[in-house]
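Structure first, commentary second.
The values are calculated or read from the model by the stated rules, or taken from the named source; none is laboratory data. Keep in mind it's a predicted model, so treat the numbers as computed, not measured. Please note: Cβ atoms are built from the backbone with ideal geometry, for glycine as well, and neighbour counts cover all protein chains shown.
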Amino acid sequence: MNIILLGAPGSGKGTVAEALKKSFELTHISTGDIFRANIANETELGRKAKSYIDRGDLVPDDITVDMVKERLSHQDCSSGFMLDGFPRTITQADALESILCSRGQSVDAVINLQVSDAVIIRRISARRVCKSCGATYSQTFNPPQQDGKCDVCGGEIVQRADDMPETVLSRLETYAQKTQPLVDYYAARAILINVDNESGLDLAMRQIQDQFAQRGLISSQ
Ligand code: ADP
Ligand code: ZN
């Protein structure tokens, strides 16, 4: 099964991705995580992407598409993948379609996580991440056991530069302008699954499993 996670920044794509990874064996590809790893390792790609990310803009399509194309060519993607944060523009979606088509693959479902702007702003302002391993925490819902220290690896816990309030507003604007049109794009291909993600992970996962079963992607229990 090949799936895409769609949703505004802070809509919970990462959290839902972790849960889906446990239920189905899918390779998780987060473009945001790949960019952040490249910035941390000071690679050429990281250097190119950093200024856009810090401003809350999208990294240009050609850079992003090349990176995803390379990642999708790895062996671990042949038996199912989950794209988190890609595509984010119509150009990226068209490119993805042709990359997959040339390999005889396709996307089975696009999960659109729906959350109001007010909840998004609240969630993002509470979000903290581990500088070393990327584990995420919420100051309000699941703070680390020891203040400022990662439960998983002991690394330092920080707020993402692009999670500061001014940048969050510009990310939400970018989303509305460039990414929201993908909802219609995938609805037209009859693979869109709308999921209300305001009421917790369990409810979201139940909606996803029901929809997967209705579409014959998994057998219904
Ligand atoms: P969120 O979903 O919370 O916005 P991500 O970790 O997915 O966070 O992305 C962080 C940043 O990385 C984005 O704001 C953008 O600058 C860049 N980015 C990630 N994915 C893409 C993409 N598909 N196209 C362009 N830029 C991207
Ligand atoms: Zn850590």
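Just to confirm my filter: which strands (runs of 3 or more DSSP E) fall fully inside region 76-140 and include at least 1 residues that are under 18 Å from the mean Cα position of the chain (by Cα), surrounded by 14 or more Cβ atoms within 10 Å (Cβ to Cβ) and of a type in the set (S, T, N, Q)? Don't jump to the end; show me each part of the working.
Working: elements: 81-84, 109-114, 127-130, 136-138.
So the answer is 109-114, 136-138.
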### Task
Just give me the residues in region 36-52 being charged (D, E, K, R) and farther than 20 Å from Val158 by Cβ, in sequence order.
Glu44, Arg47, Lys48
### Message
Restricting to region 1-17, name every residue that is crowded, with 22+ Cβ neighbours inside 10 Å and more than 11 Å from ligand 1 (Cβ to nearest atom).
### Response
Ile3, Val16
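Condition check ((1) within 16 Å of ligand 2 (Cβ to nearest atom); (2) farther than 30 Å from Phe212 by Cα; (3) part of a strand (DSSP E or B); (4) among the hydrophobic types (A, V, I, L, M, F, W, C)) across all residues:
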| site | (1), (2), (3), (4) |
| --- | --- |
| Pro9 | no, no, no, no |
| Gly14 | yes, no, no, no |
| Glu25 | no, no, no, no |
| Ile34 | no, no, no, yes |
| Ser51 | no, yes, no, no |
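With Gln214, Gln146 as the choices, which residue is free of Cβ contacts under 8 Å to residues at least 12 places away in the same chain, over 21 Å from Leu6 (Cβ atoms) and more than 20 Å from the chain's Cα centre (by Cα)?
Details: Gln214 fails: over 21 Å from Leu6 (Cβ atoms).
The match here is Gln146.
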## Note on the structure
Taking first residues from region 37-63 that are of a type in the set (Asp, Glu) and second residues anywhere that are in a loop (DSSP other than H, G, I, E, B), the pairs with Cβ under 8 Å that are 6 or more apart or on different chains are Asp61/Thr89
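Only one of these is buried (at least 18 other Cβ atoms within 10 Å of the Cβ), at pLDDT 95 or above, within 28 Å of Val110 (Cβ to Cβ) and more than 16 Å from ligand 1 (Cβ to nearest atom): Leu192, Leu203. Name it.
Values: Leu203 fails: buried (at least 18 other Cβ atoms within 10 Å of the Cβ).
Leu192 is the lone residue from the list that is buried (at least 18 other Cβ atoms within 10 Å of the Cβ), at pLDDT 95 or above, within 28 Å of Val110 (Cβ to Cβ) and more than 16 Å from ligand 1 (Cβ to nearest atom).
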### Query
Filtering region 59-92 down to residues that are near ligand 1 (Cβ under 10 Å from one of its atoms) and among the polar types (S, T, N, Q), which residue is farthest from Ala109 (Cα to Cα)?
Thr64
#### Entry: Condition met for Ile157 (touching a strand residue (DSSP E or B) at 6+ places or on another chain (Cβ under 9 Å), over 27 Å from Phe212 (Cβ atoms) and either of a type outside the set (Asp, Glu) or not in a loop (DSSP other than H, G, I, E, B) (or both))
yes
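Is it true that Leu20 is away from ligand 2 (no atom under 16 Å from the Cβ), surrounded by 21 or more Cβ atoms within 10 Å (Cβ to Cβ) and within 8 Å of the chain's Cα centre (by Cα)?
On the way: away from ligand 2 (no atom under 16 Å from the Cβ): yes; surrounded by 21 or more Cβ atoms within 10 Å (Cβ to Cβ): yes; within 8 Å of the chain's Cα centre (by Cα): no.
So Leu20 fails the test.
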## Note on the structure
In region 166-195, anything of a type in the set (D, E, K, R) and within 16 Å of the chain's Cα centre (by Cα) is listed as Arg171, Lys178
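Which is within 16 Å of ligand 1 (Cβ to nearest atom), aliphatic (A, V, I, L, M) and more than 23 Å from Tyr175 (Cα to Cα), of Ala135, Ala126?
Values: Ala126 fails: more than 23 Å from Tyr175 (Cα to Cα).
Just a single option satisfies the conditions, and that option is Ala135.
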